[in-house]
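To start, the structure under review is shown below, and the notes come after it.
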Amino acid sequence: MSKEQNKEIVLAEHPKGVPTKETFKINDIDLPSPKDGELLLKTIYVSVDPGKRGFMDKGEDNAAGKKFQLDEAITSRSDAQVLESKSDAFKKDDIVHGRLAWKKFQAVPTDGLEKVDPELAPLQTSVSVLGVTGLAAYFGLLKIGKPKKGETVVVSGAAGSVGSTVAQIAKIKGCRVVGIAGSKAKIDYLENELGIDKGINYKKTVNMESAIKEACPDGVDVFFDNVGGDLFDAVFANSNRKSRMVICGQIAEYNDDDQPEGPRPQHLLIKKSAKIEGFVVFDFEDEFDEAKKQLADWYNSGKLKYKENLVEGFENIPSAFIGLFSGENIGKQMVKVSEEE
Ligand SMILES: NC(=O)c1ccc[n+]([C@@H]2O[C@H](COP(=O)([O-])OP(=O)(O)OC[C@H]3O[C@@H](n4cnc5c(N)ncnc54)[C@H](OP(=O)(O)O)[C@@H]3O)[C@@H](O)[C@H]2O)c1
């Protein structure tokens, strides 16, 4: 295999605002040889996630992980096939899932890698509905939102990977579901294909607070927030007594340098006995296997649908990532790098 056949994508500069193609650089690199205990992997599917934006800024590492350094390969959750194994944990041809570098081929230790169970659901579900985004939807909604039958659940970023899963689990639990998203195609998808009760196109709505009031005549019991900013304020203004605000993501603020300013809702939390709670999906790591089984059951029985926004080709990983910030995707934004052998 020649040098040109292996490539990596590194952070070329710290982005200012929304990342651009200059944020990334594609290098030709050698094909590595696995050492004892390592695997040689060929990347198949790469998940691109808005949350990676926060790791591209300069500065201190934070509790959620280490920041990317300049000229260092970016990493994200990926599926890969074992081409050569020097470990007893995996054998040649196994498909593994874990946090891997944006490289076509890489030699890595086995820590943090798991074998993908081909019986559970199709391979690519391990970077989508059975992966981090499906699990964030599952745990955030069920463990923090705790929706009860008949309650109203509002979800922002509703046509994305996390949001579309939240919307459907809330329907499975017997809730009225209102989804907020940024195009007519997304609202049609949510209302007609996923069967939510009402979609609101925030890009075409002048007064979000009134639109939510109209869509939620009984108020909001659970708000699953993927977006933050003004949308949070508009939904919170309609929240009920004992409501639960689940803070999963704040994509509206990922590209801002300044600390967000906004209403300080603490006094309303007292009046409403309401709760705002953030989480990272790995808070629930011990329960992942059980959750994946439930998600796979719903998926295989047709109760939980998912859509892939599948981009082909390693070189297109940066544009797929950048597209998340202009709402290019319906469902999970992912990149197919190579075929499974
Ligand atoms: N807490 C955790 O452990 C955890 C785990 C996974 C993901 N997350 C977070 O969950 C959220 C959703 O992630 P995902 O992977 O499912 O992404 P996604 O929703 O599939 O894709 C991002 C979507 O966000 C919307 N968006 C982009 N910029 C926006 C803005 N300025 N204002 C409003 N909406 C905007 C776009 O849809 P529109 O067309 O609707 O604008 C875009 O399609 C992200 O914030 C992510 O960081 C958190």
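With the convex hull drawn over the C-alpha atoms of the range 1-129, the volume per residue is 124 Å³. Structure shown: which of 146/275; 213/275; 148/184 lie over 22 Å apart, alpha-carbon to alpha-carbon? Over 22 Å apart, Cα to Cα: 148/184.
Within straight-line reach of residue 86, meaning a Cα separation under 15 Å, sit the following aspartates and glutamates at least 8 residues removed in sequence or on another chain: 36, 38, 94, 111.
Is the range 132-282 rounded, prolate or oblate when judged by the Cα gyration tensor, a ≥ b ≥ c being the square roots of its eigenvalues, rounded requiring a/c under 1.5 and prolate requiring a/b larger than b/c? It is rounded, given that a/c, with a ≥ b ≥ c, falls under 1.5. Computed from the alpha carbon positions, the gyration tensor of the chain leads to an equivalent ellipsoid with semi-axes of 36, 22, 18 Å, biggest first.
When +1 charges are put on Lys and Arg Cβ atoms and -1 charges on Asp and Glu Cβ atoms, the dipole computed for the range 132-282 relative to its Cα centre reaches about 800 debye. Out of the DSSP beta bridges found with both residues in the chain, what percent are antiparallel (nearest 5)? So the antiparallel bridges in the chain amount to around 55 percent. Across the cross-link table entries 7/58; 58/115; 92/336, which are compared at the Cα atoms, the separations over 28 Å belong to 58/115.
A simple charge model with +1 on the Cβ of Lys and Arg, -1 on the Cβ of Asp and Glu and nothing else charged puts the dipole of the chain at about 1340 debye relative to its Cα centre.
None of the figures in this text is laboratory data; all of them are computed from the coordinates on show. Model, not experiment: these values are computed from the prediction. Cβ: placed from backbone, ideal geometry, glycine included. Neighbour counts: every protein chain shown.
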